[in-house]
1. Rounded, prolate or oblate: which fits segment 66-206, taking a ≥ b ≥ c as square roots of the Cα gyration tensor eigenvalues, rounded meaning a/c under 1.5, else prolate when a/b beats b/c?
2. Given charges of +1 on the Cβ of Lys and Arg and -1 on the Cβ of Asp and Glu, with all other atoms neutral, how large is the dipole of segment 154-242 about its Cα centre, in debye to the nearest 20?
3. Calculate for the chain the 222 nm mean residue ellipticity that helices alone would give, adding -39,500 (n - 2.57) per DSSP H run of length 4 or more and normalising by residue count, nearest 500 deg cm²/dmol.
4. Starting from the exponent 0.38 and prefactor 2.2 Å, build the expected Rg for segment 203-260 from its residue count and divide its actual Cα Rg by it.
5. Ordered by packing density, taken as the mean number of other Cβ atoms within 10 Å over each peptide's residues, highest first, how do 104-114, 10-20 rank?
6. Consider all pairwise Cα distances in the chain and report the whole-number % of them above 28 Å.
7. Quote the charge dipole size of segment 299-362 about the Cα centre in Debye, to the nearest 20; the model charges only the Cβ of Lys and Arg (+1) and of Asp and Glu (-1).
8. Might you report the magnitude of the Cβ-based charge dipole of the chain about its Cα centre, with Lys and Arg at +1 and Asp and Glu at -1, to the nearest 20 debye?
Amino acid sequence: MPLSCGIVGLPNVGKTTIFNALTRSAQALAANYPFATIEPNVGEVAVPDSRLPVLAQLVNARRIVPATVRFVDIAGLARGASTGEGLGNAFLSHIRETDAIAMVLRCFENDDVTHVEGKPDPARDWEIVAIELALADLATMRKRVAKLERDVRAQSNLRPYLEAALRLSDALEDARPARAFDPESLEAQVARDSFLLTRKPMLYVANVDEAQIGRAGEQVRAVEEIARVEGGKAVVLSGKLEAELAGLSDDEAAEFRREVGLERSGLDDLSEAGYDLLGLMTFLTAGEKEARAWPIPKGSKAPRAAGTIHSDLERGFIRAEVVSYEDYVQYRTMEALRGAGRVRSEGREYVMQEGDVVNFRFNV
C-alpha cells in the first residue's frame, strides 16, 4: 500500500486547488508513472526519483514504477467541525486511517476569495484546525474510556490501558496532540489503536501566490515556525501556479518555472516531504520488466525489504545481491559490476541503505 496523506484546512485556503493540481500533474505523467483516481477525492501521485529513468535505460526496462503517495482531500473544516458543523465529523472520518496529514494554511491575499475568518492568518487558522482535530479525538477517547471502564471490571489486566486512555484524554482536553507522547508509550499505543487524528505526523503547507515564490514573508515564516515547534515539516507552494503548470507539457512547464524562478515543482516537494516525514527510504530493483522504487522504513533489514516485494521472498530469504546506485551508473552492466567486485552478497542482518539496487535470492 502507498503512503497516504489526508489534506485538511479551513474552507477557501486552496486545498482542492492543490489536490486537483496533484492529480492533473500525475495524469500528465501517465506514460511513465502510475496514477489512479480511486474515488473523486482520492488520488495517487508519484514520488519523484531521478534514478529510475537512468536505471530503466541501463537495463532496457519496459516500464518505470516509482513509489507513490495517496492524497485524500476532504471538504474544508469550520469551527465546530468536531461536533458536526458543516458535516465535519463525516469529513474527518475519511482521513482517520491515513498515515499523515497535510494542513493547508492560506498565505495569500485575494479579495475575490473570501476567508471564513475575515483575512488570512496562518497561525490563527492552524490553531482552529488543530483544536478541531483534538476535539474530534477527545470525542473518540471518551467512548474508548467508557468501554475500557466496563471491560476492566471483567479483565483487571486492562487497567493500565484505561489509565493511559485517561491521560491521553486529559492531554487532548488541553489541546495537546496525541503525538506529543513517546512513540513507545502505552498512550501512543492506545492512540494508534483508536486511529486518533492528532497522533499522525503533520505537514504544513503554506499556500502562497505567484508573487511570493522564493520570498519567505511573515506569513510563510509563521508556518515554518509552527512546523518547527510541532515537529512537522513545512512546504511552500502556490496552488494556483501548480494548477497552471499541471496542464502544460514537461518542456512548457520547465520553461514556465524558469520564468517565475521556480527550480522544481512544489508538488514534488509535497510528495517527498510526506515520504520523508514517515521515516521512509527507498531501495530499487531493475530488470527488463520494470525499474521500480520500493519504500521501506529506515533501518529495515534485508528480509523485511524482500517482504515488501512479496511475502514469499521474506519467508524463503537466502541472501541479497546488492549494488549501490552510483556503482550501477558507473559500470552500467551486472557483468561489469561483478568483474569489478562491486556486487555484495548480504545476509539476514544487513541494514538496507538508500539507493541500494537489489536482487533477492530465496527458496520457493
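1. Taking the square roots of the gyration eigenvalues as a ≥ b ≥ c, segment 66-206 is prolate.
2. Taking the Cα centre of segment 154-242 as origin, the dipole is about 160 debye.
3. One gets -13000 deg cm²/dmol as the mean residue ellipticity at 222 nm.
4. With N residues counted in segment 203-260, Rg over 2.2 N^0.38 Å equals 1.28.
5. Working: 104-114: 17.5, 10-20: 22.1.
Going by the mean number of other Cβ atoms within 10 Å, highest first, we get 10-20, 104-114.
6. The answer is 52 percent, as a whole percent.
7. Working: 10 positive and 10 negative charges, 39 e Å.
In debye, rounded to 20, segment 299-362 gives about 180.
8. 1500
Each value in this text was obtained by applying a stated rule to the coordinates, not by laboratory testing. These numbers come from a predicted model, not from an experiment. We place every Cβ from the backbone using ideal geometry, glycine too, and count neighbours over all the protein chains shown.
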